[in-house]
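Here it is: the structure, laid out below.
The values are calculated or read from the model by the stated rules, or taken from the named source; none is laboratory data. Because the structure is predicted, anything quoted here is derived from the model rather than measured. Here the Cβ positions follow ideal geometry from the backbone for every residue, glycine too, while neighbour counts run over all protein chains shown.
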């Protein structure tokens, strides 16, 4: 397969996994999780957080100051996989496998460096987990 074929596959991964995760957020509710409609909103908020971080990075050059690039591809993917994990851990394991393969594809395609991917993943996973943790605490009250 050539670069363009792999590029089309890479471009399809986040939207496909995103739609699946949104559907699952309305179909599955683990004990201790917020209501299904809230899971949908938490997933959307987590992805919106990626774009907020991207905006902040564009405005204040946070990643470039460290010689890196914020990876929106990685950020959206990590937000989606984190939400998938919070909805159902078993599905989240599959999401992590897809994330590792997607990361390898991004490196192969030279979209981003390992540092770009890792730094974005840590920041976005922390944000998404924080959003879900706050919501879970609220759901228990």
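What's the number of the condition residue 53 fails, among (1) surrounded by fewer than 22 Cβ atoms within 10 Å (Cβ to Cβ); (2) without any contact (Cβ under 8 Å) to a residue 60 or more places away in the chain?
(2)
Follow-up. Please determine whether any residue of region 104-115 is over 25 Å from residue 30 (Cα atoms), part of a helix (DSSP H, G or I) and out of contact with any helix residue (DSSP H, G or I) (no Cβ under 9 Å at 6 or more places or on another chain). Before you say what the answer is, go through the steps one by one.
Taking region 104-115 as the starting set, the residues that turn out to be over 25 Å from residue 30 (Cα atoms) are 104-115.
Checking the rest, the ones that are also part of a helix (DSSP H, G or I) come to 104-108, 114-115.
Those still in the list that are out of contact with any helix residue (DSSP H, G or I) (no Cβ under 9 Å at 6 or more places or on another chain) too: 104.
Scanning region 104-115 turns up at least one residue that is over 25 Å from residue 30 (Cα atoms), part of a helix (DSSP H, G or I) and out of contact with any helix residue (DSSP H, G or I) (no Cβ under 9 Å at 6 or more places or on another chain).
Could you look through region 34-43, keep only residues that are part of a helix (DSSP H, G or I) and either touching a residue at least 40 places away in the same chain (Cβ under 8 Å) or under 17 Å from residue 133 (Cβ atoms) (or both), and pick out the one that is farthest from the chain's Cα centre (by Cα)?
Filtering region 34-43 down to residues part of a helix (DSSP H, G or I) leaves 36-43.
This time we only want the ones that are either touching a residue at least 40 places away in the same chain (Cβ under 8 Å) or under 17 Å from residue 133 (Cβ atoms) (or both), so: 38-39, 41-43.
Values: 38: 17, 39: 14, 41: 14, 42: 12, 43: 9 Å.
Across region 34-43, the extreme among qualifying residues is 38.
Any residue at all in region 102-119 that is crowded, with 18+ Cβ neighbours inside 10 Å and under 11 Å from the mean Cα position of the chain (by Cα)?
no
Looking at residue 31 and the list (1) at pLDDT below 95; (2) under 16 Å from residue 131 (Cβ atoms), which single condition is not satisfied?
So the condition that residue 31 fails would be (2).
Yes or no, residue by residue, for (1) over 15 Å from the mean Cα position of the chain (by Cα); (2) part of a helix (DSSP H, G or I); (3) modelled with pLDDT under 95:
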| position | (1), (2), (3) |
| --- | --- |
| 55 | yes, yes, no |
| 59 | yes, yes, no |
| 62 | yes, no, no |
| 65 | yes, yes, no |
| 70 | no, no, no |
| 78 | no, yes, no |
| 81 | no, yes, no |
| 93 | no, yes, no |
| 96 | no, yes, no |
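Looking at (1) in a helix (DSSP H, G or I); (2) within 19 Å of residue 111 (Cα to Cα), which is the one condition that is false for residue 18?
That leaves (2) as the condition not met.
Here's a follow-up. Within region 121-141, how many residues turn out to be crowded, with 16+ Cβ neighbours inside 10 Å and either under 16 Å from the mean Cα position of the chain (by Cα) or modelled with pLDDT of 95 or more (or both)?
Total satisfying the criteria: 8.
Then there's this: Can you give me the number of residues within region 1-15 that are part of a loop (DSSP other than H, G, I, E, B) and either within 16 Å of the chain's Cα centre (by Cα) or under 15 Å from residue 41 (Cβ atoms) (or both)?
Result for region 1-15: 0.
Let me ask something else. As an exercise: evaluate residue 73 against (1) within 25 Å of residue 136 (Cβ to Cβ); (2) buried (at least 20 other Cβ atoms within 10 Å of the Cβ) and give the number of the one condition it does not meet.
Evaluating residue 73 over (1) within 25 Å of residue 136 (Cβ to Cβ); (2) buried (at least 20 other Cβ atoms within 10 Å of the Cβ) leaves (1) as the failure.
Look at residue 24 and say whether it is free of Cβ contacts under 8 Å to residues at least 40 places away in the same chain, assigned to a helix (DSSP H, G or I) and either in contact with a helix residue (DSSP H, G or I) (Cβ under 6 Å, 6 or more places away or on another chain) or surrounded by 13 or more Cβ atoms within 10 Å (Cβ to Cβ) (or both).
No, not satisfied.
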